[in-house]
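The structure appears below as structure tokens.
Each reported figure results from applying straightforward, stated rules to the coordinates on display, with no laboratory input. From a predicted model like this one, the values you see are computed outputs, not experimental measurements. When we count neighbours, we look across all protein chains shown, and the Cβ atoms used for this are built from the backbone with ideal geometry, even at glycine.
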Amino acid sequence: MRPSSGEDTSPAEILTLDSMKITRFFKRAFAAVWKNLVLWGIQLRVAHWGKNFLVFFPMLYCGRGGDFGTFIRVCGLFAAFCLLSSAMYLVNDLVDLPCDCLHPRKKFRPLASGKIGKRGVRTLAVVLSAAAAGAAFFLGPSVQAVFCVYLLNTFAYIFFFRKTAVIDILAIAAGFLLRLTAGAAVVNCRVSPVFFICVFIFCLFFTLAKRRAEAGLLEEHSADPASVRKVFAVYNSKNLDKILPAAAGICVLAYSLPILFFFTLYPGVSAYLLLGTIPPVLYCFFRYTQIVTSGDNSGLFRVVISHKGILGAAMLWAFISCLVISAQCFQWSPSG
């Protein structure tokens, strides 16, 4: 039992009580800090930073993965795009706040739910944009030009393009092409136009699939999806269910034909390995299409982690691709 008076409390007990209070204080402080970090991580779309790994592709394509200086520059570009894309997400959420509050899923985001304030979001958007601009300054004029175009495209999407069907998905796909362009600029590498076309087609497919999932979700929870976002007066699950299978087929062709062409010109270990990546890609595209068109509105990330077949095929593709990259770095480079 705890002593009834302070006179009966020994110095050791006092020290123990003080230590317990300090421990509780730090636990509460850590919990509060962690909670805020999680909230801001969600608002900044940290999970979407994976999209920016596209800037590494030109370096690998040109066989410069073993150049430490080039790798550091591309890592800097990746960090700059993470900062800039998060800043643009904050701007987008500020502009789209009234619609997000009506959305069945987006209303739980920290800003829409009122867990973080608009003033903090505005301030952080400015800070992140300034940090990204500073990083671009050290990466050269070519990267600065790409960043300017990326900003123009993003602001055009936020204020204009997102309201018009088809143009909205073209603007989103253009953002990925600009990431690829920045990656090529920072390593001074000429990437084949075929690669750009493939990336563009893939982005169109996944953006359409995202629209399909969102349309299905809004149709479940809202009598009028267009009241949440005007573009869903055009996009609906029935129309997109017809388009997605054809788009998946085009993606598989866009991926396979350049590989077959490469196999014809450069028969060897890399070519055979590349051929081995076609079946996993085919499976992923058509299985994902089947899942989305059957009414799963959970989104790409949740679908991938919850379906072992897609996850396994993606891991197999990644493993074979790493083997190809290793072979390319040591044996063959498109730049000659």
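What the table shows:
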{"read-out": "Given charges at beta-carbon only (K, R positive; D, E negative), |dipole| of the range 44-191 in Debye", "value": "400 debye"}
{"read-out": "Where labels lie 7 Å past Cα in the beta-carbon direction, separation of Phe261 and Leu323 in nm", "value": "2.5 nm"}
{"read-out": "About the Cα centre, charge dipole magnitude for the chain (Lys/Arg +1, Asp/Glu -1 at Cβ), debye", "value": "460 debye"}
{"read-out": "Virtual spin-label span in nm between Arg122 and Ser294, 7 Å along Cα→Cβ", "value": "4.8 nm"}
{"read-out": "Angle between the chain longest axis and helix 118-139 axis [Cα atoms, degrees, rounded to 10]", "value": "50 degrees"}
{"read-out": "Farthest toward positive dipole pole in the chain [+1 Lys/Arg, -1 Asp/Glu at C-beta], among Ala215, Phe285, Ile201", "value": "Ala215"}
{"read-out": "In Å, descending, principal axis extents of the Cα set of the range 44-191", "value": "48, 32, 24"}
{"read-out": "FRET efficiency for Ser192 and Phe108, using Cβ-Cβ distance with R0 set to 41 Å, rounded to 0.05", "value": "0.45"}
{"read-out": "The chain: angle of helix 68-95 to the longest principal axis, Cα-based, in degrees nearest 10", "value": "70 degrees"}
{"read-out": "Added length on full extension, which subtracts the Cα-Cα distance from 0.36 nm per residue, Phe30 to Val234", "value": "68.7 nm"}
{"read-out": "Simple label model, 7 Å out from Cα along Cβ direction - Val166 to Ser306, nm", "value": "3.3 nm"}
{"read-out": "Entries of Lys106/Lys230; Lys35/Lys115; Lys242/Lys308; Lys107/Lys210; Lys107/Lys238 with Cα pairs more than 20 Å apart", "value": "Lys242/Lys308; Lys107/Lys238"}
{"read-out": "On Cα atoms only, tilt of 278-293 relative to the major axis of the chain in degrees", "value": "60 degrees"}
{"read-out": "Amide N proximity, the range 170-184 versus Phe71 label position 7 Å along Cα-to-Cβ, cut-off under 19 Å", "value": "183-184"}
{"read-out": "Length added when fully stretched, Met20-Val38, from 0.36 nm per residue minus Cα-Cα", "value": "3.8 nm"}
{"read-out": "Neighbour-count order for Val121, Val149, fewest beta carbons within 10 angstrom listed first", "value": "Val149, Val121"}
{"read-out": "Three-way shape label, the range 207-336, alpha-carbon gyration tensor, a/c 1.5", "value": "prolate"}
